[in-house]
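First, the structure itself, so that you have it in front of you.
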Amino acid sequence: MQDTQIQKLIEEASAQLAYAYAPYSNFKVGAALLTDDGEIYTGCNIENAAYTPTNCAERTAFFKAVSKGKRSFRAICVVGGLRGTLSASISPCGVCRQVMMEFCDPETFQVILAAGKESYQIYRLKDLMPLGFGPENLT
Ligand code: THU
C-alpha cells in the first residue's frame, strides 16, 4: 500500500477520536476502513451503560460500510488510547477480528496499527487470526 494512502487512513482514523463515546472506559478508539474500490468508511467506539452493547471502532466502520453495500475491503487503520491520547498501538479485539474474517481475505487484508503518522505497524489479518474460522469453512 502507498504511503500517502496509509497517511490518509491514519488521519481519518485519528479524526474519529473526537466522536468516540467512551464515558465508562475513557479509552477512545478510531478506525478507518478502506474498501476495494478506494472508499474510506470511518468508525469510533460507542459504549453503553449496560456495557455489553458497546461497539468497537472497527465494527462501527465495518457495519457502516456493509450497510452501504460494501463487501470487499483492503485495509483498516486503528488508533486510540486513554482519553484519546494515542497509545503505542491498539490491536483489534477478538470479536472485531472475527467480523474481519467474515468480509476480508485473511491472506491480503491489512491491519494498520498506528500510534501516529510516523509510527505504525502493518499486519495481515491471517497473522492476527491464525487458524481463524470464516465463511470458507461453511462451503
Ligand atoms: N475498543 C475498540 O473500539 N477497539 C479496539 O480495538 C479495542 C477496544 C474499545 C471498546 C471499549 O469502548 C474501549 O475500547 C475499552 O475496551
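For the structure I just gave you, tell me whether R83 is in contact (Cβ under 8 Å) with a residue 24 or more places away in the chain and within 11 Å of the ligand (Cβ to nearest atom).
no
For the range 30-60, give me each residue that is of a type in the set (A, V, I, L, M) and more than 17 Å from M100 (Cα to Cα).
Within the range 30-60, I46, A49, A50 meet the criteria.
Across the range 98-124, what is the total count of residues that are surrounded by fewer than 17 Cβ atoms within 10 Å (Cβ to Cβ) and part of a strand (DSSP E or B)?
Of the residues in the range 98-124, 6 are surrounded by fewer than 17 Cβ atoms within 10 Å (Cβ to Cβ) and part of a strand (DSSP E or B).
What residue, among those in the range 46-97 that are aromatic (F, W, Y) and not in a strand (DSSP E or B), is surrounded by the most Cβ atoms within 10 Å (Cβ to Cβ)?
Applying the filter and picking the extreme gives F62.
Moving on. Out of all the residues in the range 65-88, which are under 12 Å from the mean Cα position of the chain (by Cα) and under 13 Å from G30 (Cβ atoms)?
I76, C77, V78, V79, G80 - these are the residues of the range 65-88 that are under 12 Å from the mean Cα position of the chain (by Cα) and under 13 Å from G30 (Cβ atoms).
Let me ask something else about it. For the range 27-42, give me each residue that is more than 8 Å from the ligand (Cβ to nearest atom) and either over 18 Å from S14 (Cα atoms) or touching a strand residue (DSSP E or B) at 6+ places or on another chain (Cβ under 7 Å) (or both).
G30, A32, L33, L34, T35, D36, D37, G38, I40, Y41, T42
Ok, one more. Given the residues Y19, Y41, which is the only one that is among the hydroxyl-bearing types (S, T, Y) and closer than 25 Å to M1 by Cα?
Being among the hydroxyl-bearing types (S, T, Y) and closer than 25 Å to M1 by Cα holds for just one of Y19, Y41, which is Y41.
Any read-out appearing in this document is the output of simple, stated calculations on the displayed coordinates, not a laboratory observation. Since we're looking at a predicted model, the values are computed, not measured. Methodologically, a virtual Cβ is constructed for each residue, glycine included, from the backbone with ideal geometry; neighbour enumeration extends over all protein chains shown.
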